[in-house]
Amino acid sequence: MRLTRARVFVAAGLLALAGTATGTILAAGPVAAAPSQVVLVNPCIGVGQVRPAVYDIGCMSSSEFVTGLSWTSWRSVAFGHGTLKVNDCTPSCAQGKYIKYPILTVLWRARAWPMHSGREYFSRLTWIYTSKRPAHERSAQTFTLPPSGP
């Protein structure tokens, strides 16, 4: 158990260090999206986004989504942090409450974005829980992201 926690803390430290250094460099540059910037494709509507504040990985408003995203780097790899909100409601209940989990986020593996000449999108998302996490989850998860919406 300690080895797993140690790996998470080492990974979080490396991400924070890399993000801080890159963020300092980026502070001098423009924030506007350039045609060559890699995008995060919103899976619900198929639109490419740069530095989004919210991301809904499954297009299901009642399940889970990431909010409060803040990015320290946005290049061929993007580093950030935010909060994963998970609805604790079972399928049979009328209302649930969202449980918040702080996470580090990494977008990586840029690929050509089909039907968007010369553009790239992030095809992988990894989040790392920085403190508490759902009981059934590992300390980090990686998702393959589709190039377009439904």
Residue 34 fails exactly one of (1) outside any strand (DSSP E or B); (2) farther than 22 Å from residue 129 by Cβ; (3) at pLDDT 85 or above, namely (3)
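Scan segment 85-92 and tell me whether some residue there is closer than 17 Å to residue 37 by Cβ and part of a strand (DSSP E or B).
No, there is no match, as no residue in segment 85-92 is closer than 17 Å to residue 37 by Cβ and part of a strand (DSSP E or B).
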TODO: Within segment 80-103, identify whether any single residue is small (Gly, Ala, Ser), out of contact with any Cys (no Cβ under 7 Å at 6 or more places or on another chain) and modelled with pLDDT of 95 or more, and answer yes or no.
DONE: yes
Of the residues in segment 120-135, those that are modelled with pLDDT under 95, surrounded by fewer than 17 Cβ atoms within 10 Å (Cβ to Cβ) and either outside any loop (DSSP other than H, G, I, E, B) or basic (Lys, Arg) (or both) number 1
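The values are calculated or read from the model by the stated rules, or taken from the named source; none is laboratory data. Just so it is clear, the structure is predicted and the values come from calculations on it, not from any experiment. Note that we place each Cβ from the backbone using ideal geometry, even for glycine, and neighbour counts take in every protein chain shown.
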